[in-house]
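Comments concern the structure below.
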Amino acid sequence: MEFKSKNEIIGNDQKQNHTGERLPEPLREKIKQMITEGHTQREIQEATGVSAHTVVGIRKSMPALDDKAWRKNVVNTLRNVVGKGASRLNEEIDNIPITAMPISLGILIDKINLLNDQPTAVVEHRMRITHDEINNIILDANVIDEKSLTDGGKQESVGNAYEQNRHQDVQEQEGT
């Protein structure tokens, strides 16, 4: 016997099933209070015995937590805290142990750069290349077709003149 599926369209309705509406009101209020106090989802689960989906559903149903005004309020509060912390750090700068100073100053410099839209990380690439390596690259690529005059007055290719000079340098280094 062969199975035949129904020709139906599965809905893409993502309505929330775990809203906590069937929970007793005191338990739902306790979960809301724990969310507001900043408890983690796992802590709320363990304290109340509800599923993670229910905790998320209740959190999403709380308009104050997902509202732009709430986020703006939190950002303003954090700015106030940072301002007070910076003022206190400025007052206590002479009492900070010298061993902690580089870390404190590094963090502050990083934050100043971030606030001024400056990069907070500098990536530096260094490449050391010698004249011989540049000459080899140029000769291998056949970039130079010009003729050069050597000490003897006859024209030779740049490659031959370079090879002769290099051979003389090697002999001088070896002491022969």
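The values are calculated or read from the model by the stated rules, or taken from the named source; none is laboratory data. In this text, all values refer to a predicted model and were calculated from it rather than measured experimentally. Counting neighbours? That spans all protein chains shown, and the Cβs are built from the backbone with ideal geometry, glycine included.
Among the residues of region 105-119, those that are closer than 19 Å to L78 by Cα and in a helix (DSSP H, G or I) comprise I107, L108, I109, D110, K111, I112, N113, L114, L115. Filtered by the rule that a residue be modelled with pLDDT under 80 and surrounded by 10 or more Cβ atoms within 10 Å (Cβ to Cβ), region 83-105 gives M101, S104, L105. For the subset of region 9-28 comprising residues that are within 11 Å of R59 (Cα to Cα) and at pLDDT 75 or above, which member is surrounded by the most Cβ atoms within 10 Å (Cβ to Cβ)? Restricting to residues being within 11 Å of R59 (Cα to Cα) and at pLDDT 75 or above, the top hit is G20. Within region 58-74, can one find any residue that is outside any loop (DSSP other than H, G, I, E, B), surrounded by 10 or more Cβ atoms within 10 Å (Cβ to Cβ), modelled with pLDDT of 80 or more and among the aliphatic types (A, V, I, L, M)? Yes, that holds for at least one residue.
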